[in-house]
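Where a number appears in this text, it was derived from the coordinates with a stated rule and is not lab data. Since this is a predicted model, take the numbers as computed values, not measurements. Neighbour counts are summed over all protein chains in view; Cβ atoms, including those assigned to glycine, are modelled from backbone coordinates with ideal geometry.
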Amino acid sequence: MKRTTLYEVHVASGARMTDFAGFAMPVYYSSITEEHQAVRQRAGMFDVSHMGEFIVRGPKALMLLERITTNNVSRLAIGDVQYTCMTNEHGGVIDDLLLYRLQEYSYMMVVNAANIEKDWAWITAHNEEGAELINISDQAGLLAVQGPLALPILQPLTQTDLSQIAYYKFVRTVFGGVRNVLVSRTGYTGAGGFEIYFENIHAESLWKQIMQSGQAIGLLPAGLGARDTLRQEVCYRLYGNDIDETTTPLEAGLSWLIYWDKEFIGRNALMAQKREGLTRKLVGFVMLEKGIPRTGYDIVDEQEQRIGKVTSGCHSPTLQQGIGMAYVSTDIAQEGRQVNVLIRGQKVAARISRMPFLQPKT
């Protein structure tokens, strides 16, 4: 397994480690529930240095990005961040990603760790414009400090007024004594907070400085377990579970990521699907009885006929009940409809619910 620069720090902090996307990553330090609640109520810090980062630059960078991503790249000003996705010719999602406009002709793509090699191969193969591409994944470190107290924890480490960074904006600044650090108002928890990019040689120093700054107000290190339960409460999709190359943005409820007034790979297939109508869609559901839904569990009707499949599910520490997302046929995808989750051979009642379960905070 690959290791992030902070591997030894995690082990020394008592983290339980696991293999995630080929990286040894912390699942939790104390407990998933404790870390989850810390992020919702105070703050937690995640090492997400396993994510991939690509620089796309040059006069033709915009043309390439417009063609390989679904959102409207041309609307980005310097300092803007955009959530978008890449689709294949059939409209399937190759990856969902963040796009940063760094300078006039320079952008950074932040991609999922499991997809780094696949995404890089796709982008280089489709670089007809001849834009300059640089894979900086191995050199870039990334920490996510999430929760309502993230700002007072991070502010003492920089002279830049972090309160002035709007949601999905970023600044480049000196942070923790390190130059050329990118601080963005983004995250994957729905609890608000920041993500911090830097050369990974500074990872241990910045981790320790942030932990020290947050010690008095209850900052906890947090692992992938809490990251997963947090994102499920606000229904953020996870690549490989809720979206992949067999699902389209339309089926996944991500139509807002599609800018139809441009040509991009997969547009024709998505236009056809939009015209013909969906046969399935991603829905949220809550358990009405005791039981924890897990990825891969079947959604069934009263006769135990399969009508869908769970893509993500957990026990919500905030709501204190089982929640999940699933693809079901569109004819039953109505809010309030009762269905059943097949858990260890037993039907357990659930109800299709509005997404998200919790409203994300920015």
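List of remarks:
- Contact order relative to length of the chain, as percent, for alpha carbon pairs under 8 angstrom and 6 or more apart: 18 percent
- Overall shape: rounded for region 52-135, with the ratio a/c of the largest to smallest alpha carbon gyration tensor axis below 1.5.
- The simple spin-label model puts a point 7 Å past each Cα toward its Cβ; for residue 163 and residue 103 those points are separated by 3.3 nm.
- Shape category assigned to the chain from the gyration tensor of Cα positions, a/c cut at 1.5: oblate
- For a modelled paramagnetic label at residue 89, 7 Å from Cα along Cα-to-Cβ, the residues of region 229-266 in reach, with backbone nitrogen under 19 Å, are 245-249, 263-266.
- Dividing the summed -39500 (n - 2.57) terms of all DSSP H runs of n ≥ 4 by the residue count of the chain sets its mean residue ellipticity at 222 nm at -5500 deg cm²/dmol.
- Subtracting the Cα-Cα distance of residue 77 and residue 271 from 0.36 nm times their residue separation leaves 67.1 nm of extension gain.
- Note on the chain: GNM, Cα springs under 10 Å; of 308, 147, 14, the largest mean-square fluctuation is that of 14.
- Of all DSSP beta bridges in the chain, antiparallel share, percent nearest 5: 95 percent
- Highest-MSF residue in the chain out of 326, 216, 43 [GNM, Cα springs under 10 Å]: 216
- Of 215, 146, 320, the residue with the greatest mean-square motion in the GNM of the chain, using alpha carbon springs below 10 Å, is 320.
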